[in-house]
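Read through the structure below, which is laid out as structure tokens, and then see the notes.
The values are calculated or read from the model by the stated rules, or taken from the named source; none is laboratory data. Keep in mind it's a predicted model, so treat the numbers as computed, not measured. Counting neighbours? That spans all protein chains shown, and the Cβs are built from the backbone with ideal geometry, glycine included.
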Ligand SMILES: Cc1ncc(COP(=O)(O)O)c(C=O)c1O
């Protein structure tokens with residue numbers, strides 16, 4: 001046998017062994033030993049790209065994070081971010097230093113100066129709203145000695161009403177217009193200027209993607225200069241992408257003068273599990289009720305004790321690995337894809353509606369098969385002919401997927 005032949009045979013053996021190893025290593029990593037669990041895993045991975053009805057970015061870029069995490073044995077360390085990320089460390093193993101970096105990064109994006117901001121990486125948009133409402137109500141009480149009234153539009157996310165209920169606040173719903181925006185004249189009608197006003201603005205209502213017109217609503221509030229006001233912005237979804245578009249002023253405190261803002265981390269930013277950002281001012285934080293807890297980091301003004309340290313690390317990782325330029329690209333592509341979807345629906349005369357600056361299109365509800373295939377979220381509104389569905393165009397929604405949906409709509 002010639003040397004060349006021998007070399008070729010050896011090469012084939014090595015490559016074959018490598019392929020077999022890869023197949024087994026991959027299969028081994030995939031199988032849990034629980035058929036039900038493995039089947040579920042396969043199913044969710046298969047279906048993720050057809051998820052059009054809910055505002056979850058399925059283009060998640062955390063693979064290397066998990067590799068790094070495992071390579072450094074962090075899966076055997078109990079981490080916990082209990083406590084104020086800015087105050088002195090408790091004895092817990094936390095990732096507060098990275099939390100502060102995340103907050104420093106995002107503060108100016110939402111118009112907060114670094115020396116005035118207080119914030120945290122929250123558990124979710126709802127957790128951020130909970131803090132906005134709780135901090136807002138206490139701020140107003142502690143400054144005025146009076147009980148505030150909370151106002152929110154009837155199209156805002158249900159968590160706001162739920163949280164008012166939980167916090168035993170008097171809640172007044174403000175009527176919204178057909179497209180879901182709070183009506184300034186209706187705010188005027190229900191406003192009690194003798195009591196402090198805690199108002200929650202919807203920065204992207206959940207079903208119709210409506211943006212409350214903060215300028216017009218602030219003008220209504222300004223007619224009552226003696227009425228103390230706290231404005232919390234529920235920007236769970238839109239607060240993720242708007243800062244990276246030409247509409248960035250819509251979530252800028254310097255322009256719109258809100259006191260706090262909540263954003264979800266698992267919507268636009270691509271966290272793979274619930275997380276969020278909550279930002280307010282140091283002045284608001286300093287006017288909260290004090291609970292000195294010596295065994296944590298002393299002054300616990302936040303609602304939750306334990307908070308995820310791992311989520312903070314993931315957020316930090318995304319900030320470093322995706323970051324401003326890619327988020328800008330993604331945000332603008334999402335809005336372009338939303339326009340494309342709308343134009344394609346218009347072409348086939350499928351009744352559909354979209355608010356300005358929104359990545360959400362609501363439309364006549366298609367057949368149950370289509371609703372199921374694309375996991376569409378459904379609602380009802382007689383002003384738009386009754387049964388409706390919506391699509392939230394996130395990063396994973398491609399032209400091919402839109403075209404497939406349009407074909408499915410045309411089938412019947
Ligand atoms: C406007 C709005 N606010 C709040 C939430 C709740 O956010 P999370 O799911 O992060 O708790 C949502 C969720 O869809 C939302 O659309």
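Is one or more of the residues making up region 90-99 in contact with a strand residue (DSSP E or B) (Cβ under 9 Å, 6 or more places away or on another chain), away from the ligand (no atom under 16 Å from the Cβ), modelled with pLDDT under 95 and part of a loop (DSSP other than H, G, I, E, B)?
The answer is yes, given that some residue of region 90-99 is in contact with a strand residue (DSSP E or B) (Cβ under 9 Å, 6 or more places away or on another chain), away from the ligand (no atom under 16 Å from the Cβ), modelled with pLDDT under 95 and part of a loop (DSSP other than H, G, I, E, B).
Only one residue in 83, 53 is within 16 Å of the ligand (Cβ to nearest atom), assigned to a loop (DSSP other than H, G, I, E, B), in contact with a strand residue (DSSP E or B) (Cβ under 9 Å, 6 or more places away or on another chain) and over 22 Å from residue 327 (Cβ atoms). Which one?
Only one candidate qualifies: 53.
Within region 288-313, restricting attention to residues that are at pLDDT 95 or above and farther than 17 Å from residue 128 by Cβ, which residue is surrounded by the fewest Cβ atoms within 10 Å (Cβ to Cβ)?
My answer is 310.
Quick one: which of 285, 295 is in contact with a strand residue (DSSP E or B) (Cβ under 9 Å, 6 or more places away or on another chain), away from the ligand (no atom under 16 Å from the Cβ) and assigned by TED's automatic domain parsing to the domain that holds residue 193?
285
Can you pull out every residue in region 102-116 that is farther than 17 Å from residue 311 by Cβ, assigned to a helix (DSSP H, G or I) and either in contact with a helix residue (DSSP H, G or I) (Cβ under 9 Å, 6 or more places away or on another chain) or not assigned by TED's automatic domain parsing to the domain that holds residue 287 (or both)?
Within region 102-116, just 109 meets the criteria.
Could you figure out which of (1) surrounded by fewer than 23 Cβ atoms within 10 Å (Cβ to Cβ); (2) within 15 Å of the ligand (Cβ to nearest atom) isn't true of residue 262?
(1)
Just wondering, is there one or more residues in region 270-278 that are more than 16 Å from the ligand (Cβ to nearest atom) and surrounded by fewer than 23 Cβ atoms within 10 Å (Cβ to Cβ)?
No.
Out of all the residues in region 51-84, which are in contact with a helix residue (DSSP H, G or I) (Cβ under 6 Å, 6 or more places away or on another chain) and within 30 Å of residue 408 (Cα to Cα)?
The one that is in contact with a helix residue (DSSP H, G or I) (Cβ under 6 Å, 6 or more places away or on another chain) and within 30 Å of residue 408 (Cα to Cα): 58.
From the set of residues in region 144-168 that are part of a loop (DSSP other than H, G, I, E, B) and surrounded by 18 or more Cβ atoms within 10 Å (Cβ to Cβ), which is nearest to the ligand (Cβ to nearest atom)?
By that ranking, first place goes to 157.
Does residue 99 qualify as being surrounded by fewer than 19 Cβ atoms within 10 Å (Cβ to Cβ) and outside the structural domain of residue 376 (by TED's automatic domain parsing)?
Taking the combined requirement at face value, the residue does not satisfy it.
Filter region 104-130 down to residues that are closer than 15 Å to residue 283 by Cβ and crowded, with 21+ Cβ neighbours inside 10 Å and give me whichever is nearest to the chain's Cα centre (by Cα).
Among them, the one singled out is 119.
Is it fair to say residue 177 is surrounded by fewer than 22 Cβ atoms within 10 Å (Cβ to Cβ), under 18 Å from residue 256 (Cβ atoms) and not assigned by TED's automatic domain parsing to the domain that holds residue 388?
When the stated conditions are applied, residue 177 does not pass them.
Looking only at region 182-228, filter to residues that are buried (at least 21 other Cβ atoms within 10 Å of the Cβ) and assigned to a loop (DSSP other than H, G, I, E, B); which one of those is nearest to the ligand (Cβ to nearest atom)?
206
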